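Asker: If you scroll down you'll find the structure; I have some questions about it.
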Amino acid sequence: MRIYRWMGVGLLCAATGMVQAQSYYPQARQYRAPAQAPVQAPGPAMVLRHGLNKLMAFVAQDEPPASGEMMLFLEKEISPYFDFEYMAQWVGGGNWQRMSPQQQQQMSAQLQQMFLTALSQKLSKFGGQGFKVLRARPGQGGEVTVPVAVQNPGGYPSRLNFRFYRSQSGGWRVFDVSANGSSALVYYRQHFNRTGYPSRQGRPIQRRY
């Protein structure tokens with residue numbers, strides 16, 4: 001806080017017909033700005049609402065974006081809402097610890113590409129559905145689930161659940177999305193169990209439980 005000091009100026013007084021200057025310094029007064037509440041990071045529901053609004057504004061353009069434009073938008077604007085490395089670590093389970101940093105990076109990039117490609121394909125059939133972000137629900141270990149109701153779902157799930165965790169930077173990041181009870185993390189774990197995980201020799205390694 002800034003402290004402002006105000007000082008008085010000496011007043012003149014007369015003595016024996018002569019005017020002498022005498023300095024006078026009143027007690028300094030300190031002004032303190034009103035205490036301000038610390039700025040709070042947006043909560044999971046607000047983060048999700050912001051991301052969905054951004055996504056819907058892009059999809060609902062007068063001229064539908066091409067598939068390449070959609071992927072570029074998702075990679076630049078939407079992927080930062082997710083923590084794909086955290087997702088890959090969960091999907092990999094015990095295999096994650098046996099991977100080199102290069103293999104872990106490769107798996108994270110592969111998972112991100114698969115997720116965004118599936119999202120792009122789904123959004124290409126978007127028919128103007130609306131979304132309503134519902135009340136967040138706290139979970140175990142500091143996790144938070146934010147449900148989203150899909151209005152006029154058509155071929156879309158009527159309900160989506162976004163699972164958030166607080167990252168080391170303090171911001172909330174999505175690490176799982178479930179639709180009608182089906183978890184994306186569970187799907188990708190099953191996928192890598194079938195196809196294998198990255199290995200140093202270039203051959204996939206199977207999951208160890």
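The values are calculated or read from the model by the stated rules, or taken from the named source; none is laboratory data. Every value quoted in this text rests on a predicted model; they were computed, and no experiment measured them. We place every Cβ from the backbone using ideal geometry, glycine too, and count neighbours over all the protein chains shown. For accessibility, only protein heavy atoms count, side chains too; no ligands or nucleic acids. Shrake-Rupley method; radii C 1.70, N 1.55, O 1.52, S 1.80 Å.
Asker: Could you check region 110-136 and list, in sequence order, the residues that are surrounded by fewer than 13 Cβ atoms within 10 Å (Cβ to Cβ) and farther than 24 Å from Q61 by Cα?
Answerer: Within region 110-136, R135 is the sole residue that qualifies.
Asker: Taking strands (runs of 3 or more DSSP E) that do not extend beyond region 120-197, which have at least 1 residues that are at pLDDT below 85?
Answerer: Hits in region 120-197: 130-133, 144-151.
Asker: Quick check on G92: is it farther than 22 Å from A57 by Cβ, open to solvent by less than 60 Å² (accessible area, probe 1.4 Å) and under 17 Å from the mean Cα position of the chain (by Cα)?
Answerer: no
Asker: Within region 42-64, track down each residue that is at pLDDT below 85 and out of contact with any Ser or Thr (no Cβ under 9 Å at 6 or more places or on another chain).
Answerer: P42, A60, Q61, D62, E63
Asker: May I pose another question? Consider Q20 carefully, then state whether it is in a loop (DSSP other than H, G, I, E, B) and either more than 19 Å from the chain's Cα centre (by Cα) or modelled with pLDDT of 90 or more (or both).
Answerer: No, not satisfied.
Asker: Being surrounded by fewer than 13 Cβ atoms within 10 Å (Cβ to Cβ) and part of a loop (DSSP other than H, G, I, E, B) is the filter here; which residues of region 65-89 pass it?
Answerer: Correct list: A66 only.
Asker: Cβ contacts < 6 Å: first residue more than 19 Å from D83 (Cβ to Cβ), restricted to region 48-68; second residue at pLDDT 90 or above, any location; separation 6+ or different chain. Result?
Answerer: Sorted first by the residue in region 48-68, then by its partner, the pairs are F58/F73.
Asker: Test R200 against the criterion of being basic (K, R) and either assigned to a strand (DSSP E or B) or modelled with pLDDT of 80 or more (or both), and give yes or no.
Answerer: So R200 fails the test.
Asker: Residue pairs, Cβ under 7 Å, 6 or more apart or interchain, first in region 97-120 and free of Cβ contacts under 8 Å to residues at least 60 places away in the same chain and within 17 Å of S178 (Cα to Cα), second open to solvent by 50 Å² or more (accessible area, probe 1.4 Å) and assigned to a helix (DSSP H, G or I). List them.
Answerer: Listed pairs, sorted by first residue: L116/E75; S120/S67.
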